[in-house]
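Note sheet for the following structure.
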Amino acid sequence: MLSDLNFALQITTPIFFIIGLGFLFKRIGWLNDDFANMGSALVFKVTLPCLLFTKLSTTDFTQGLPTALVIYGFIATLLIFLLLDVFATKLIAQKADKGVFVQGAFRSNMGIISLAFVVSAYGEKALGIASIYLAVLTIVFNILSVITLTRHLPPRGTNRVGGMLLSIIKNPLIISIVAGVLVSLLNIPIPEIALHTGEYFAGMTLPLALLCAGASIRIKEFHSSSVLYWSSAMKLIFVPLVFTTGGFILGFRGEELGILYLMCAAPTAAASYPMVQAMQGNHFLAAAIIAVTSTLSLVTTTLGIFLLKVFALI
């Protein structure tokens, strides 16, 4: 059992150690808000798209695809989204909080935290599977987020919704995903210099993103709110439990089940905050959900990996 606990800690501790360093460096003045904002923008616009493009463009989509895993993730995400929406509609009083609750509960930070978990657990070889899974679910997350926020926030006019949909189409992650898949399917040759340059940028993604995530944590956002802690509990406990149990029932085991768990156990995606802010929702609640889930996921993710390892499922 101690070896199982050590396995779990080996996966999660390095990730949150870097996040903790980002938090510490901000407090002692080595990092500031400008660095965190500009670094996060660099990750979102350059390094993470480079990582996704290099992985997807060099993936052979004609064989060995995690088709069952991706289809299950897609269907499970839709079902969980619907359950959370029903929960929010019936039990959350403030209409402005309903969509924020739903997005905070189902939208995982797969592009940063989950990928870091997967690499820590299974090495670079698992990045191909994780990138394909991420490619599909990133598009799903963005569309469902617009749906729930539009549905529950006061009417703001069709232009605002159209603008949000346009922002999804212009999303650098989605552009890099589509470009990488097309390059692979069409067998378009990539110059070695361009590929190596992209790989250097890709290598910056996880450490830079984790440092910026730590520097962005605000203790003051841990305010008392039942919606905040309901959403956080759903994100850290309910969603991973349902996802993993369903995967187990369908026969996923080993690395596949491990990747499935790690991709859904991550804290709420940082991108959920600017989306709520752009649609004039309760962005204070959105920021608090990100802060709480980012902090507490160290405990919940470690415990989840430990239990899966104890029962020899991963």
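The values are calculated or read from the model by the stated rules, or taken from the named source; none is laboratory data. These numbers come from a predicted model, not from an experiment. All Cβ positions, even for glycine, are placed from backbone atoms using ideal geometry, and neighbour counts span all protein chains on display.
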Those residues that are in contact with a Leu (Cβ under 9 Å, 6 or more places away or on another chain), under 30 Å from SER184 (Cα atoms) and small (Gly, Ala, Ser), I need them from the stretch 23-63; list them, please.
GLY39, SER40, SER57
Under 7 Å between Cβ atoms, which residue pairs at least 6 apart in sequence (or on different chains) link something in the stretch 82-96 that is charged (D, E, K, R) with a partner that is assigned to a helix (DSSP H, G or I)?
ASP85/VAL102; ASP85/THR148; LYS95/HIS152
Looking at VAL292, VAL310, which one is more than 18 Å from SER40 (Cα to Cα), of a type in the set (Val, Ile, Thr), over 19 Å from the mean Cα position of the chain (by Cα) and at pLDDT 85 or above?
VAL310
Subset of the stretch 176-231 (residues that are within 25 Å of THR138 (Cα to Cα), part of a loop (DSSP other than H, G, I, E, B) and at pLDDT 85 or above):
LEU186, ASN187, ILE188, ILE190
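Mind telling me which of the residues LEU84, LEU52 ends up being at pLDDT 85 or above, in contact with a Gly (Cβ under 7 Å, 6 or more places away or on another chain), under 24 Å from LEU257 (Cα atoms) and not polar (S, T, N, Q)? Reasoning before the result, please.
Numbers: LEU84 fails: in contact with a Gly (Cβ under 7 Å, 6 or more places away or on another chain).
Among LEU84, LEU52, only LEU52 is at pLDDT 85 or above, in contact with a Gly (Cβ under 7 Å, 6 or more places away or on another chain), under 24 Å from LEU257 (Cα atoms) and not polar (S, T, N, Q).
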Give me the pairs, please: first residue somewhere in the stretch 63-78 and β-branched (Val, Ile, Thr), second residue anywhere and assigned to a helix (DSSP H, G or I) and surrounded by 13 or more Cβ atoms within 10 Å (Cβ to Cβ), beta-carbon distance under 6 Å, and either six or more positions apart or on two chains.
VAL70/TYR133; VAL70/VAL136; THR77/VAL140
Of the residues in the stretch 1-60, those that are basic (Lys, Arg) and in contact (Cβ under 8 Å) with a residue 40 or more places away in the chain come to LYS26, LYS45, LYS55
One residue is enough: does the stretch 54-63 have a residue meeting the conditions within 18 Å of the chain's Cα centre (by Cα) and either over 19 Å from GLY123 (Cα atoms) or among the basic types (Lys, Arg) (or both)?
yes
Filter the stretch 237-270 down to the residues that are among the small types (Gly, Ala, Ser) and either free of Cβ contacts under 8 Å to residues at least 24 places away in the same chain or buried (at least 20 other Cβ atoms within 10 Å of the Cβ) (or both) and list them by number.
GLY247, GLY251, GLY258, ALA265, ALA266, ALA269, ALA270
Taking the stretch 283-304, which residues are touching a helix residue (DSSP H, G or I) at 6+ places or on another chain (Cβ under 7 Å) and farther than 20 Å from ASN37 by Cα?
LEU296, SER297, LEU298, THR300, THR301, THR302, GLY304
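In this structure, does LEU48 turn out to be among the aliphatic types (A, V, I, L, M), closer than 19 Å to MET110 by Cβ and within 17 Å of the chain's Cα centre (by Cα)? Quick ask: steps written out before the conclusion?
Values: among the aliphatic types (A, V, I, L, M): yes; closer than 19 Å to MET110 by Cβ: yes; within 17 Å of the chain's Cα centre (by Cα): yes.
Spelling it out, LEU48 is indeed among the aliphatic types (A, V, I, L, M), closer than 19 Å to MET110 by Cβ and within 17 Å of the chain's Cα centre (by Cα).
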